[in-house]
Amino acid sequence: MTTMTTDVLGAPVRRVEDPRFITGHGRYLDDIKLPAMTHMAILRSPYAHAKIRSIDTSAAKAAPGVVAVFTGADIAYNPLPMAWPAGGASGIQNNVNTPRALATDDVKWTGEGVAAVVAETAAQAQDALELIDVDWEPLPAVTDAEKAIADGAPQLHENAPNNRVFDWQVGDKEATDAAFANAAVTVHQRLVNHRLIPNPMEVRGDIGWYNPGTDEYTIWMSSQTPHIQRLLLAAFVMGVPEQKIRCISPDVGGAFGSKIFCYADMALVLHASKAIGGRPVKWVEERRESYGSTIHGRDHITYVDVAATKDGMVKGLRVKTLANLGGRLSTIGPGIPTTLYGRILSGPYKIPAVHCEVTGVYTNTTFVDAYRGAGRPEATYVVERAMDLVADELGIDPAEVRRRNFLPPDSFPYDNPSGLLTAVNGSKLYIDSGNYEPAMDKALAMAGYADIAAKKAEAKSRGKLLGVGLSTYIEVCGVAPSKWIGAVGEGWGAAMWESSNIKVHLTGKVVVTMGTQPQGQGHETTYAQIISHELGIPMEDIVVQHSDTQGTPFGYGSYGSRTSNVGTGAALKAAAKIREKARRYAAHMLEANVEDIEVEGAEYRVKGSPDKKKTIQEIAFALDLAFDTPEGMEPYLDETAYHDTPNCTFPFGTHVAFVEIDQETGNVELVRYVAVDDVGKKINPMIVDGQLHGGIAQGIGQALWEEAVYGDDGQLLSGSLLDYALPRAEWLPSFELDETVTPSPVNPLGVKGVGEAGCIASTAAVANAVIDALSPLGIRHLDMPFTAQKVWGAIQAASGGSGSAKGGEA
Amino acid sequence: MAELHIALEVNGEQREADVEPRTLLVSMLREDLELTGTHVGCDTSQCGACTVLVDGHAVKSCTMLAVQAEHTAVTTIEGLGQPGSLHPLQQAFWDKHGLQCGFCTPGMIMAAADLMAHNPEPTDTEIRHAIAGNICRCTGYHNIVAAVREAASVMREGAAAPATNA
Ligand code: FES
Ligand code: FES
């Protein structure tokens, strides 16, 4: 009898995670209750910019149930680290100012923490906050990046004159200037890529526990990066040995980048637990609170210039961007608008000359860091709007302009001219693969693009303006080879490999531990599919574990769509090591030469003698017992592997959005959404589609509804879920998805990554659709989000009415 | 604050709790009755993560005081079905990949259960309307709608077919 296992690699297998989530048995941070646990609440600044003259906590300390009250002065920890500077060949000055566990002398945004109460119940902690008396000295605030670098603006930090964090550039300035000097046509546009709030449905939280008996700290955190947090907390913030801290991420209820970082509250719960003698301390942010305690995303002001020939060939791209980074820097804030933005501005196009300058700016706002796509949606928005502006200027169809500028399929590996990911010391990154035209053609066919004029006429007969928008994007997954990071000094300032351990236990059951950290992506399913395929062991005999620094190998966590490329590389290597050891032991068991053992699925057979065979389960049983091992072989089928990717992977595709605008009200309805994505091969196509759906919806959210808005005094006007509009089911259509498949040569599975692709593509597609709908009125550009109010104002202004649009310059 | 003693039915069982007058139904379910499948996603009654059935109607349990639930019958996700005896909605969310992080899922399923109770054959538009008070940040709703559609069809077939075993 053979023991063939169904091959599940590439199959739409139902997720093994789901039974617990659909029955109420997930374990998220706030579901954890520990013996003797206390609760913490944090007093946050009501001012965007102020000095703290003094803090009187005496009344709070005397309040019912209060165990302790802390201010910044009580906590000796260092400020949080900033681990991803804006790097580059010239050695960039990053004027670093980061948060402390609690602010000490001054606050830089509304919501920065200044004091904390630990009490028996969460309600008591909250009640006692109101008894803390802070003597504030309010200072003038500035929230807009352009205003913040202007003369006379309020100054946030002494070490950052004119509120500049860094001035960074990439690409070839001379060549770009020359392209403009010789250009037949140029277009220019100011683009605002507005500020967003990530809003995973589970907010962040931590439980800190100090054990006085062992002098060890344990922290449960809703985090994408438990291993990195242990490193940062130990070595940079708290100054305790790394082995004295254990970080655990329980089930994480979404993250989208916002849970990558080292946050003040993590240090705070650990400090507090130690200070109160080792009772655990739980803190969970409220949704409103989270808008000041968890990072925001995007917030760029960009000036883009495009030089083109009369037939629409783009010859030069010049981009100047102000990146608002908030009041202090988050963990990798400067890395997002530089490495992950400037270096891929040429997208899928053959643009010979690109130059990009980015200035990072401090303002009195919540800190800004990676939000789904992180830099790449901003870059895609710039280049995809630029393509449409060129098309509009020349009267050429936007699809045709793209087609003319696409890199041809024989361009790969391609080293792009925005110095794309070219580093010093000859360490280069290149676009691994691509074939852009077939994906676009497929999407255009699905969309019925050839009949657009008729569709527009039909909509017009109903009083609606129909607009169609394209986005032909590329995405960068799995940043980056450690060698490259070492050479440029970007990335975590450390390596970016991944890790995997596989144990085949005595009973033939498998435990896989990974250094990556899911937040809804279904890793427990997809890794099990891979290992089942590699070892021939049924999926139900495999469990995938992660999320606990005790018991999993060090890993950098999951973000930047890196798990498929980098994490699976580690799993494959560990499986190969398992197979190799099993093969050597099979040779011993079957009294054959290793070279004569062939492996098929779970079976290890002697070539030419098909009856002489052992299954991996039989091998594991014997090898784990180790009653009889050959000289030099260690017991147990247990292997660990580390994988450093040789390069990033670059998914691509074409998205087509259809919007209908009601001319009377300005209301924009997304009526249809078509997407053809090429993410290489797929481990689980059902999960891939799910990632695309979610990403597409988030990108649409930015284009149509979502916006973090500050008043000039630094108050967050979109300060709750009542005011910040997340996409709802009623506002979205179902999506029409298809694929092309260009396997990545970077990893053996040929996979690329998909976590961010949807979000990278969709914002630009919807924006282009809205502008296309409005173009018959002479409107050439409008900044997002396209709320009814803004669009109505633009329509009124364009048709000589009285409405005024607070949008971009047309 | 003085506590009040209340009694109610939760997932078919008689339960009692001592709660402060200000305690929300969701807090009582999570903290006192340890039914942590019902989640809290916001503080402005916007997200629907806390949705449960009270006397058969979907209610955001963060908008109701625990004391208001006295003598009612509450169903939470734990009471809808368990592994091995999943409700068709739970089964369809699993089959159709209607969840990713799972945080919105219990509330989403309870809201859909309310829809099923009064509309056995909902259109996509009706499904989207019924869950408009529940925010999912992961799925873009595409597969949630597909799951609810699927569950409705399974439940209709179940209702139409004669019982196979008693
Ligand atoms: S917790 Fe958000 S609606 Fe109840
Ligand atoms: S599955 Fe994550 S919020 Fe819905």
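What follows is calculated from the coordinates using simple rules that are stated; it is not laboratory data. Every value quoted in this text rests on a predicted model; they were computed, and no experiment measured them. When we count neighbours, we look across all protein chains shown, and the Cβ atoms used for this are built from the backbone with ideal geometry, even at glycine.
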Next on the checklist: Taking a cut-off of 14 Å, what percent of all Cα-Cα pairs in segment B:4-79 are separated by more than that?
Outcome noted: 53
Checklist entry - What number, in nm² with one decimal, is the all-direction average of the projected area of the convex hull of the alpha-carbon atoms of the protein assembly as shown? => result 43.4
Checklist entry - Within 10 Å of each Cβ of A:9-16, how many other protein chain Cβ atoms are there on average? => result 1
Next on the checklist: Need the C-alpha centroid separation for segment A:136-167 versus segment A:479-557, integer Å.
Outcome noted: 43
Checklist entry - Over all residues in A:686-695, what is the mean tally of Cβ atoms on other chains that come within 10 Å of each residue's Cβ? => result 5
Checklist entry - Which order do B:Asp32, A:Asp265 fall in if you start with the one that has the fewest other Cβ atoms within 10 Å? => result B:Asp32, A:Asp265
Item to check | Above-threshold pairs, the threshold being 20 Å between Cα atoms, out of A:Lys503/B:Lys96; A:Lys464/A:Lys790; A:Lys350/A:Lys428 | outcome: A:Lys503/B:Lys96
Checklist outcome for this item: Given backbone amide H placed at 1.01 Å from N, residues whose amide H is under 5 Å from that of A:Gly87, ignoring those fewer than 5 places away on the same chain, are A:Thr339
Checklist outcome for this item: Distribution output for segment A:171-254: share of Cα-Cα pairs per 10 Å bin in percent, first bin at 0, values 14, 27, 16, 11, 16, 12, 4, 0
Next on the checklist: Please list, in order along segment B:91-103, the HN-Hα scalar couplings obtained from phi with the Karplus expression 6.51 cos²θ - 1.76 cosθ + 1.60 (θ = phi - 60°), rounded to whole Hz, x for Gly and Pro.
Outcome noted: 4, 6, 4, 5, 5, 9, 6, x, 8, 10, 6, x, 6
Checklist entry - Hey, fewest Cβ within 10 Å first, where do A:Ser720, A:Ser293 land in order? => result A:Ser720, A:Ser293
Checklist entry - So what does log10 I(q)/I(0) come out to for segment A:1-87 at q = 0.18 Å⁻¹, using the Debye formula with one equal point on every Cα and no solvent? => result -1.09
Checklist outcome for this item: The exposure ranking of A:Asp144, A:Asp56, A:Asp151, fewest beta-carbon neighbours within 10 Å first, is A:Asp151, A:Asp56, A:Asp144
Checklist entry - If you take the C-alpha gyration tensor of segment A:115-198, multiply each eigenvalue by 5 and take the square root, what semi-axes do you get, largest first, in whole Å? => result 47, 18, 13
Item to check | Under the Karplus curve 6.51 cos²θ - 1.76 cosθ + 1.60, θ = phi - 60°, whole-Hz ³J(HN,Hα) for segment A:299-315, x wherever Gly or Pro sits | outcome: 6, 10, 10, 10, 10, 10, 10, 10, 10, 9, 7, 5, 9, x, 7, 7, 10
Item to check | Overall form of segment A:453-538 per C-alpha gyration tensor (a/c, 1.5; a/b vs b/c) | outcome: oblate
Checklist outcome for this item: A chain fully extended from A:Lys173 to A:Asn211 at 0.36 nm per residue, minus the present Cα-Cα distance, gains in nm 8.0 nm
Checklist entry - What's the Kirkwood radius of segment B:88-159 in Å, using all Cα pairs? => result 11.7
Item to check | Check: segment B:88-159 dipole with +1 on Lys, Arg Cβ and -1 on Asp, Glu Cβ, in debye | outcome: 220
Item to check | Rg/Rh for segment A:114-256, where both radii come from Cα atoms and Rh is the Kirkwood radius | outcome: 1.11
Checklist entry - Excluding the sites themselves, what is the longest stretch of chain A that contains no trypsin sites (Lys or Arg not before Pro) in a DSSP loop with at most 13 other C-beta atoms within 10 Å? => result A:34-309
Item to check | Inter-chain shielding of B:42-54 (mean C-beta neighbours from other protein chains, 10 Å cut-off) | outcome: 4
Item to check | Expected-Rg normalisation [2.2 N^0.38 Å, Cα atoms] applied to segment A:589-635 | outcome: 1.14
Next on the checklist: Quick check: the distance between the Cα centres of segment A:728-743 and segment A:93-119, to the nearest angstrom?
Outcome noted: 41
Checklist entry - Among the GluC sites (Glu not before Pro) within segment A:138-207, which fall in a DSSP loop and have no more than 14 other Cβ atoms within 10 Å of their own Cβ? => result A:Glu158
Next on the checklist: Below 14 angstrom from the Cβ of A:Pro727, what's the summed charge of the other residues (Lys, Arg +1; Asp, Glu -1)?
Outcome noted: 0
